[in-house]
Amino acid sequence: SLIILTAVLAPLLSPYNPAATVGDFSAAPGRKFILGTDDIGRDVLSRLIYGSRVSLIVGIGSVAIYALIGITLGLISSFFGGLADIIIMRITEVFMAYPKFMIILVIVSIIGPNMWTVMLVMGFMGWPPICRLVRSDVLRIKSVDYVSAAIVTGYSPLSIVFNQILPNVISPILVNCTF
């Protein structure tokens, strides 16, 4: 919460403009510049405070993307089963077989390094663990009596998934997303 507060209050907390040259090049930490200055004389503390905004945007955005993809594919895979389950799980295994960080670096270097590219690539590469988590929980919950009762009474598959199953799977999803 301290990082969120720092990011929100960055204009009030930052002693200098993070993009402006305000001191000597590579100055040591001191009274005027608590963390010193960088190679071109910008205040490191101000840049650190404003950098927290970018870190939070990329983190929250990529988690939102991978959670949406992982939850959707996990629900489809486990609830409908059969060929959909086989295809989604094989794709998940392929994504998990390669080192995620290296692929992210390669894709970002090809497309171009900016905040939105990093966020999108991290989001698209991070979904397999949450997909497997959702799949395993839904397979467990599918056999519970209230889901069987909903199927027998004629609820639509979407209604069962969103009203009966998803609320019971949300806790492990939230724990995974906070990590």
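The values are calculated or read from the model by the stated rules, or taken from the named source; none is laboratory data. A quick note: this is a predicted structure, and the numbers were derived from the prediction, not measured. Don't worry about glycine lacking a Cβ; one is built from the backbone with ideal geometry, like all the others, and counts go over all protein chains shown. Just the protein is used for accessible areas: all its heavy atoms, side chains included, with ligands, DNA and RNA removed. Shrake-Rupley method; radii C 1.70, N 1.55, O 1.52, S 1.80 Å.
Would you be able to tell me the number of residues in region 89-106 that are of a type in the set (A, V, I, L, M, F, W, C) and in contact with a Ser or Thr (Cβ under 9 Å, 6 or more places away or on another chain)?
1
Being of a type in the set (Val, Ile, Thr) and either open to solvent by 30 Å² or more (accessible area, probe 1.4 Å) or touching a Cys at 6+ places or on another chain (Cβ under 7 Å) (or both) narrows it down to one of Val58, Val54, so name that one.
It is Val54.
Which pairs do you get when a residue that is without any contact (Cβ under 8 Å) to a residue 40 or more places away in the chain and closer than 20 Å to Pro172 by Cα, found in region 71-93, comes within reach of a residue that is of a type in the set (A, V, I, L, M) and in a helix (DSSP H, G or I), reach meaning Cβ atoms under 9 angstrom, with the pair 6+ apart or on two chains?
Thr72/Val134; Ile76/Ala84; Ile76/Ile88; Ile76/Val161
Could you grab me the full set of residues in region 151-179 that are surrounded by 15 or more Cβ atoms within 10 Å (Cβ to Cβ) and over 22 Å from Leu56 (Cα atoms)?
Tyr155, Ile160, Val161, Gln164, Ile165, Leu166, Asn168, Val169 - these are the residues of region 151-179 that are surrounded by 15 or more Cβ atoms within 10 Å (Cβ to Cβ) and over 22 Å from Leu56 (Cα atoms).
Residues checked against (1) among the polar types (S, T, N, Q); (2) modelled with pLDDT of 90 or more; (3) on the phi > 0 side of the Ramachandran plot:
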residue: Val108; (1), (2), (3): no, no, no
residue: Phe124; (1), (2), (3): no, yes, no
residue: Asp137; (1), (2), (3): no, yes, no
residue: Lys142; (1), (2), (3): no, no, no
residue: Ser148; (1), (2), (3): yes, no, no
residue: Val152; (1), (2), (3): no, yes, no
residue: Leu158; (1), (2), (3): no, no, no
residue: Gln164; (1), (2), (3): yes, no, no
residue: Pro167; (1), (2), (3): no, yes, no
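Can you say whether Ser52 is of a type in the set (S, T, N, Q), under 24 Å from Cys177 (Cα atoms) and in contact (Cβ under 8 Å) with a residue 60 or more places away in the chain, as far as the supplied structure shows?
no
Taking Gly23 as the residue in question, decide whether it is part of a loop (DSSP other than H, G, I, E, B) and either in contact with a Lys or Arg (Cβ under 8 Å, 6 or more places away or on another chain) or hydroxyl-bearing (Ser, Thr, Tyr) (or both).
Yes.
Just one of Ile57, Ile71, Ile49 is at negative phi, assigned to a helix (DSSP H, G or I), hydrophobic (A, V, I, L, M, F, W, C) and out of contact with any helix residue (DSSP H, G or I) (no Cβ under 6 Å at 6 or more places or on another chain); which is it?
Selected residue: Ile57, the only one of Ile57, Ile71, Ile49 that is at negative phi, assigned to a helix (DSSP H, G or I), hydrophobic (A, V, I, L, M, F, W, C) and out of contact with any helix residue (DSSP H, G or I) (no Cβ under 6 Å at 6 or more places or on another chain).
Only one of these conditions is not met by Arg90: (1) within 19 Å of the chain's Cα centre (by Cα); (2) modelled with pLDDT of 95 or more. Which number is it?
So the condition that Arg90 fails would be (1).
Could you grab me the full set of residues in region 26-46 that are under 28 Å from Trp116 (Cα atoms), in contact with a strand residue (DSSP E or B) (Cβ under 9 Å, 6 or more places away or on another chain) and either part of a helix (DSSP H, G or I) or open to solvent by 50 Å² or more (accessible area, probe 1.4 Å) (or both)?
Across region 26-46, the qualifying residue is only Val44.
If I go through region 44-81 residue by residue, how many of them are of a type outside the set (D, E, K, R) and over 14 Å from Ile4 (Cα atoms)?
Residues meeting the conditions: 24.
Kindly indicate which of Ser62, Ser109 is more than 24 Å from Leu158 (Cα to Cα), touching a residue at least 24 places away in the same chain (Cβ under 8 Å) and of a type in the set (Ser, Thr, Tyr).
Ser62
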